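First the structure, in the form of structure tokens, and then the observations on it.
Rule-based calculations on the coordinates, nothing more; no lab input. Just so we're clear, the structure is a prediction, and the values are computed from it rather than from any experiment. Note: ideal-geometry Cβ built from the backbone for every residue, glycine included; neighbour counts use all protein chains shown.
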Amino acid sequence: MLKPTDVAIVGMGLTTPLGIGIASNWDGILSMQTGIQHYPNTHLSEEDYPRYLQYYGKVQNVSYPFDIPAKLNSQMKFLNRGSVLGFAAALDAIADAQGASVDMAFNAVKPDRRALYIATGDFTKVGYDFFYAALKDAHKDTNVQSEKAITTRCGIDAGLNYERLNRAALSKVNPFYLLESIANNLFSVLSAFTQFMGPNTTLASQSPCGALALELAARAIRQGRADVALAVGCGNWITEIPMYEMAELGLLSRCSKAGASFRPFDRHRDGFIPAEGGAALLLENAQRAQRRGARIYGLIRGFGSYVQFADGASVSVPEQVILRCMEGALLDAQCSVDELSFISPHGSATQKGDRSELNSIKTLLKSASLNPPICGLKPYTGHMAAASDIAETIMGILALRHGTVPATLNFNKPERGLSGLNIPVTHIPAKGKTFLSVSYGIGGQSSAVIVEIV
């Protein structure tokens, strides 16, 4: 029996390196493929840009299921890459829910009863390479001649002529670059197109802000502030400067096994492989969805979120980073561990991160009589920043609807002390209708969601 506060999932959209749409993504998972490929860098030498930074997940052939009105075209050209992918995923979720036109399922819902929550992890403009031509001009009357010197030195020390820089910037820097770096630019375009004008916000961070956007969207319906809600996660981590920075932080795999190097929970894991992507879930009050005869993929049963620092440091990984958020989600869902068909951790394949997550799960399972499977889903797509949180919830729904627990790609052997956990290396049959998906990020912030399929 559905309760007035139940939240139904009625539409899903995926735009990932594995494919466009939920069908192609599931086909990729079923055949144990990966969207991670080698993309040679043609304008930097391998000395400046090592080969391991040339492996990542890139989305191919982005398209939209609806025609874009002419009045929005001028605004859409300022969307950064991650926002483009999030926009495509959002429209796919709407199309998945209602088919023919944007207005079909929502014409009875006022715009102020349509909630929109967006999570973005886009680093497209971090490098400021669009200033390069102007900076180069600003050095023409100095002794700094080489391009390498221009890109590695700055300010007065590099002989920068600020008057020349100002003149050059007027003609050689796109004045609209700022729009591409504004975190809520996607919200502006998507809200205008879909008329989702109710409760809203944009979260700009790393994981788990996608999961938090989903929680905010669900709570808007639970609390009666919206009838429908759209949660969107998008990200782009595959441009040079973000790749450099993540490598320096020790987060990225050295790709010794090419695209198969992303191996969560494995004894020899050495970091993740980044990607770009978009994911979206369309939510609706479950009783309303049932009355109108909507297809319901599943129900969101519970959330948990928590922040825990490691020994007072905000950039290290706490010893059991996801334990409290998993316990909170189970309590919110009024669900026991033994009811879970599987657990999908964050699985970033860093040594400390995966160990902390698996230790959290071991502690959680002490009160369980069963040993649910654990699956890491990021190797199928690469780590898509804020998009991965929502994408993995969608993949979990697809898995249970097909009666399958997906394998963790590239997993071989666990590290000592963690061998008792159930991490399948091939797809196995799923038991039950409920799964737990978890995400965490640098700084000790974590979030979990429990979904039940129907």
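Quick notes
- Cα-based equivalent ellipsoid, region 320-409: semi-axes from gyration tensor eigenvalues, Å: 20, 17, 12
- Listed residue pairs exceeding 21 Å between alpha carbons, taken from Lys58/Lys172; Lys58/Lys125; Lys77/Lys125: Lys58/Lys172
- Separation between Cα centres of region 290-308 and region 386-451, rounded to whole Å: 17
- The region of the chain that goes longest without hitting one of the GluC sites (Glu not before Pro) in a DSSP loop, each with at most 13 other Cβ atoms within 10 Å, is 48-454.
- The C-alpha atoms of the chain define a longest principal axis, and helix 81-98 lies at about 30 degrees to it.
- Summing +1 for each Lys or Arg and -1 for each Asp or Glu among the other residues whose beta-carbon sits under 14 angstrom from that of Glu339 gives 0.
- Gyration tensor verdict on region 1-87 (Cα atoms; rounded if a/c is under 1.5, prolate if a/b is larger than b/c, oblate otherwise): oblate
- Within region 170-272, the chymotrypsin sites (Phe, Trp or Tyr not before Pro) that combine a DSSP coil assignment with at most 12 other C-beta atoms in a 10 angstrom radius are Phe176.
- Nearby aspartates and glutamates by direct alpha-carbon distance to Lys71 (threshold 20 angstrom, same-chain neighbours under 8 apart not counted): Asp103, Glu180
- Cβ-based charge dipole, the chain, positive-most Cα from Asn73, Thr42, Val109: Val109
- Tensor-based shape of the chain (alpha-carbon gyration tensor, a/c under 1.5 rounded, otherwise prolate or oblate): oblate
- Overall form of region 160-204 per C-alpha gyration tensor (a/c, 1.5; a/b vs b/c): prolate
- Other-chain or far-sequence residues with amide H under 5 Å of Leu203's (modelled H): Ile118, Ala119, Thr120
- Using only side-chain charges placed at the Cβ, +1 for Lys and Arg and -1 for Asp and Glu, the dipole size of region 305-417 relative to its Cα centre rounds to 320 debye.
- 3J(HN,Hα) along region 38-51: 8, 10, x, 7, 8, 10, 10, 6, 5, 5, 7, 9, x, 4 Hz, from the Karplus curve 6.51 cos²θ - 1.76 cosθ + 1.60 with θ = phi - 60°, whole Hz, x for Gly and Pro.
- Net +/- balance of residues flanking Gly432 in space, Cβ distance below 14 Å, scoring K and R +1, D and E -1: +1
- Calculated from backbone phi, Karplus (6.51, -1.76, 1.60) coupling profile of region 386-402 in Hz, x at Gly/Pro: 5, 6, 5, 4, 6, 4, 6, 5, 5, 4, x, 4, 4, 4, 5, 5, 9
- Aspartates and glutamates whose Cα lies under 15 Å from that of Lys431, excluding same-chain neighbours fewer than 8 positions away: Asp338, Glu339, Glu452
- Qualifying lysines (Cα of each under 19 Å from Cα of Lys352; at least 8 residues distant if same chain): Lys362, Lys378, Lys413
- Phi angles of region 355-362 translate, via the Karplus equation with coefficients 6.51, -1.76, 1.60 and θ = phi - 60°, into HN-Hα couplings of 4, 5, 5, 5, 5, 4, 5, 4 Hz per residue; Gly and Pro are given as x.
- Positive-end extreme of charge dipole, the chain - chosen from Gly304, Pro274, Val126 (charges on Cβ): Gly304
- Between 0 and 90°, nearest 10: helix 209-222 axis offset from the chain longest Cα axis: 50
- Calculated mean residue ellipticity, 222 nm, the chain: -9500 deg cm²/dmol, from DSSP H runs (n ≥ 4) at -39500 (n - 2.57) each, averaged per residue and rounded to 500.
- Cα-centred dipole magnitude for the chain, charges only on beta-carbon of K, R (+1) and D, E (-1), debye, nearest 20: 680
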